[in-house]
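Laboratory data are not the source of any read-out in this text; all were calculated from the coordinates shown. For clarity, every value in this text was computed on a predicted model and none was experimentally measured. All Cβ positions, glycine included, derive from the backbone under ideal geometry; neighbour counts span all protein chains shown.
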Amino acid sequence: MYHKTMPYRIFSIFNNVFLTILSLLCLLPLYHLLMVSLSASAPANAGLVTFWPIGFTLEAYAKTFANTNFLSSLWVSVERTVLGTGLALIVNTIAAYALSKETRVFRARNIYLWYFVITMLFSGGLIPGYILILKLGLMNTLLALILPGLVAVFNIILLLNFFRTVPKDLEEAAFIDGAGHFQTFIKIYLPVSVPVIATVSLFMMVGHWNAYFDGIIYIRDAEKLPLATFMQTIIVQADMSKLDPEAVKNLSQRTIRASQIFISALPILLVYPFLQRYFVTGIVVGAVKE
């Protein structure tokens with residue numbers, strides 16, 4: 001037990017107030033988008049909507065979900081996020097487990113580690129990557145969106161540094177009981193590494209869900225576009241051809257854009273609270289080298 005001094009209490013109050021205001025400022029734009037999407041087209045176009053909807057209506061969401069291109073893009077993003085995150089976790093955790101071993105156990109460890117680190121400093125470039133995907137016959141497929149980013153060196157470094165903090169006694173006890181490296185990895189390392197795995201999973205999910213540029217490059221059919229690319233086409237390029245003509249006629253572009261943005265941000269907002277308690281622990285422990 002320790003006594004909290006008056007300066008400490010004053011600092012805590014101001015700190016909490018400041019963080020609360022900062023959090024509200026971060027949520028305010030998203031809340032405003034929600035209000036715009038729930039408003040009628042006339043006040044939305046006139047810029048009259050602030051913190052409450054004017055002419056409340058769900059017509060924008062009804063038209064958005066009635067659009068087959070939007071639904072197909074949403075499904076592609078779900079597939080990409082789930083499959084991409086799952087495959088990347090398998091590859092990155094296995095690589096991190098091997099690289100976390102000492103040189104007396106894995107003699108070529110430093111060679112492989114530098115091989116990975118160099119890829120963080122130098123890349124093949126956009127054109128060679130495009131040619132590679134083209135030659136492999138992956139154009140216009142889901143794998144073209146997943147495979148190029150399957151190995152993330154930053155995530156591997158976080159994982160291997162966390163694996164180094166696992167007590168060696170646990171590993172030695174598993175080996176004495178006759179377990180191999182694969183069993184030790186599955187039954188010892190993964191269960192105690194939930195914080196860093198949750199953190200890395202969040203990075204991967206956000207990365208896959210928000211990625212749009214690779215969809216522009218590798219995907220040709222509108223029904224195979226991920227949601228971020230679909231939205232970039234509608235919002236940034238202002239190309240409304242992929243929307244239902246009736247939706248465009250009856251609704252304002254601002255209302256449609258607001259509903260699109262809010263729907264795209266909603267899945268990550270729903271997932272993050274469940275992983276937030278692991279986030280700080282995974283970053284701090286995984287970023288500190290033993």
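Okay, here's what the table says:
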quantity: Potential lengthening between Glu172 and Val151 on full extension [0.36 nm per residue; Cα-Cα distance subtracted]; calculated: 4.7 nm
quantity: Computed helical MRE - 222 nm, the chain, DSSP H runs ≥ 4 contributing -39500 (n - 2.57), nearest 500; calculated: -22000 deg cm²/dmol
quantity: Options Tyr212, Ile268, Leu24, ranked by Cα towards positive dipole end of the chain, top entry (Cβ charges); calculated: Leu24
quantity: Stokes-Einstein D in µm²/s, Kirkwood radius over Cα pairs - the chain at 37 °C with 0.692 mPa s viscosity; calculated: 146
quantity: Calculated FRET value between Arg107 and Leu87, using beta carbons and R₀ = 30 Å, to 0.05; calculated: 0.60
quantity: Residue range of the chain that is longest and free of trypsin sites (Lys or Arg not before Pro) which are both DSSP loop and sparsely packed (at most 11 other C-beta within 10 Å); calculated: 108-219
quantity: Cα-based Kirkwood hydrodynamic radius, segment 1-147, one decimal, Å; calculated: 21.9
quantity: Given Lys135/Lys187; Lys101/Lys187; Lys63/Lys224, the pairs whose alpha carbons are separated by over 28 Å; calculated: Lys135/Lys187
quantity: Loop sites in segment 177-208: chymotrypsin sites (Phe, Trp or Tyr not before Pro), DSSP, at most 13 other Cβ within 10 Å; calculated: none
quantity: Gaussian network model of the chain, springs between alpha carbon atoms under 10 Å - residue of Leu142, Leu24, Leu270 with greatest fluctuation; calculated: Leu24
